[in-house]
1. Within the stretch 103-114, does at least one residue satisfy the condition of being part of a loop (DSSP other than H, G, I, E, B) and free of Cβ contacts under 8 Å to residues at least 60 places away in the same chain?
2. Within the stretch 205-218, work out how many residues are surrounded by fewer than 24 Cβ atoms within 10 Å (Cβ to Cβ) and part of a helix (DSSP H, G or I).
3. Just checking, which of A141, A157, A146 is at pLDDT below 95 and crowded, with 22+ Cβ neighbours inside 10 Å?
4. Which of the residues spanning the stretch 80-100 are surrounded by fewer than 12 Cβ atoms within 10 Å (Cβ to Cβ), part of a loop (DSSP other than H, G, I, E, B) and modelled with pLDDT of 90 or more?
5. Scan the stretch 35-53 and tell me whether some residue there is hydroxyl-bearing (S, T, Y) and within 18 Å of T223 (Cβ to Cβ).
6. With the structure loaded, tell me whether G235 is without any contact (Cβ under 8 Å) to a residue 40 or more places away in the chain, assigned to a loop (DSSP other than H, G, I, E, B) and over 30 Å from L101 (Cβ atoms) or whether it fails that test.
7. When the residues of the stretch 166-193 are narrowed to those that are assigned to a helix (DSSP H, G or I) and within 11 Å of T82 (Cβ to Cβ), which ends up farthest from the chain's Cα centre (by Cα)?
8. Taking V138 and the conditions (1) farther than 17 Å from R202 by Cβ; (2) in contact (Cβ under 8 Å) with a residue 24 or more places away in the chain; (3) not basic (K, R), which numbered condition does it fall short on, given that it satisfies the others?
Amino acid sequence: MRTGRRGNVLPGVAAGVAAALLIGFVLLPVLAIFLRVSPGRLVTALHSRVALDALGVSVKTSLIAVALILVVGTPTAYVLATTNLRGRGLVLSLLELPLVLPPAVAGIGLFAAFGRFGLLGGALRAVGVEIPFTQIAVVMALAFVASPFYVRQAHAAFAAVDPELLGAARTLGAGPGRAFWRVGVPVARQGLSAGATLAWARALGEFGATIMFAGSLQGRTQTLPLAIYGEFSGGDLRGALAIAALLVVVSAGLLVGVRAMLRTGRAALEPRWIRSSTLTSASR
């Protein structure tokens, strides 16, 4: 009996120790930042020109990048999830390729494709467009590395939509486009919101591809991660820690806000609403 009890207790203890180690490993670096940065120093960082410029560039470019990802990635994920296209697995693998590419490789690849002497550099120069070391380059770098986080989640969300709902919408007279907007998107919106959140978080934290393709020009292409590196490499550890704390606060605020919105949306999403109101609007 004692041996049996020990056999039941030991796995639970081992799991608890593993969880404690993992939680400690994740929390310790974050706590270390705030233990080294006083509230006064953090407030001072909020008034720092470097931090304010980097925050503005990060918010602006990441929002534009996520908007582009949503516009292009949502219908792409819907088609891949709801149709039996030949080579669908290959297309998904290609779209998820940035997940496994080192950010520096992504950056140099973007430069080789869209740089002044890249594959499309001549055509872009002919129309007076130069992308590297501009905010357009920042947006492109962020969109490249963040898009798989949204497309993956969106594909899973659309794949979980009951095919009978889409079929019923079409029998009520809704075409493929209307079924997508009126049924697919509303039913999958929780997954789409989660994917957009992941993509935005990834975009806010992007470093390697951005510095390779867009550089680190204060007020133009320097995002918060690049500002942290700039302060650290310049010997200002306190400044780097303060901007890092600012980025943690922004990211945590984003996470909490989105979770609150998701809970609100989940409470409002009832099966009756999905099956009656959604299909009714789809048929209009």
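The values are calculated or read from the model by the stated rules, or taken from the named source; none is laboratory data. All of these numbers come straight from a predicted model, not from anything done at the bench. Backbone-built Cβ (ideal geometry, glycine too); neighbour counts: all protein chains shown.
1. Quick first cut of the stretch 103-114, residues part of a loop (DSSP other than H, G, I, E, B) only: none.
Within the stretch 103-114 (the criterion being part of a loop (DSSP other than H, G, I, E, B) and free of Cβ contacts under 8 Å to residues at least 60 places away in the same chain), the answer is no, since none of the residues qualifies.
2. Filtering the stretch 205-218 for residues surrounded by fewer than 24 Cβ atoms within 10 Å (Cβ to Cβ) gives 205, 207-208, 211-212, 215-218.
Now drop any that are not part of a helix (DSSP H, G or I), which leaves 208, 211-212.
Total satisfying the criteria: 3.
3. Numbers: A141 fails: at pLDDT below 95; A146 fails: at pLDDT below 95.
Of A141, A157, A146, the one residue that is at pLDDT below 95 and crowded, with 22+ Cβ neighbours inside 10 Å is A157.
4. The answer is V100, and nothing else.
5. So the first thing to find is which residues in the stretch 35-53 are hydroxyl-bearing (S, T, Y), and the list is 38, 44, 48.
Filter once more, so that each one left must be within 18 Å of T223 (Cβ to Cβ): 48.
For the stretch 35-53, residues hydroxyl-bearing (S, T, Y) and within 18 Å of T223 (Cβ to Cβ): present.
6. Details: without any contact (Cβ under 8 Å) to a residue 40 or more places away in the chain: yes; assigned to a loop (DSSP other than H, G, I, E, B): yes; over 30 Å from L101 (Cβ atoms): yes.
Taking the combined requirement at face value, the residue satisfies it.
7. Going through the stretch 166-193, the residues assigned to a helix (DSSP H, G or I) turn out to be 166-171, 176-187, 189-193.
If we keep only those that are within 11 Å of T82 (Cβ to Cβ) too, we end up with 166-167, 176, 179-180, 183-184.
Values: L166: 28, G167: 31, P176: 28, A179: 26, F180: 23, V183: 24, G184: 21 Å.
If we take residues in the stretch 166-193 being assigned to a helix (DSSP H, G or I) and within 11 Å of T82 (Cβ to Cβ), then G167 is farthest from the chain's Cα centre (by Cα).
8. Of the numbered conditions (1) farther than 17 Å from R202 by Cβ; (2) in contact (Cβ under 8 Å) with a residue 24 or more places away in the chain; (3) not basic (K, R), the odd one out for V138 is (1).
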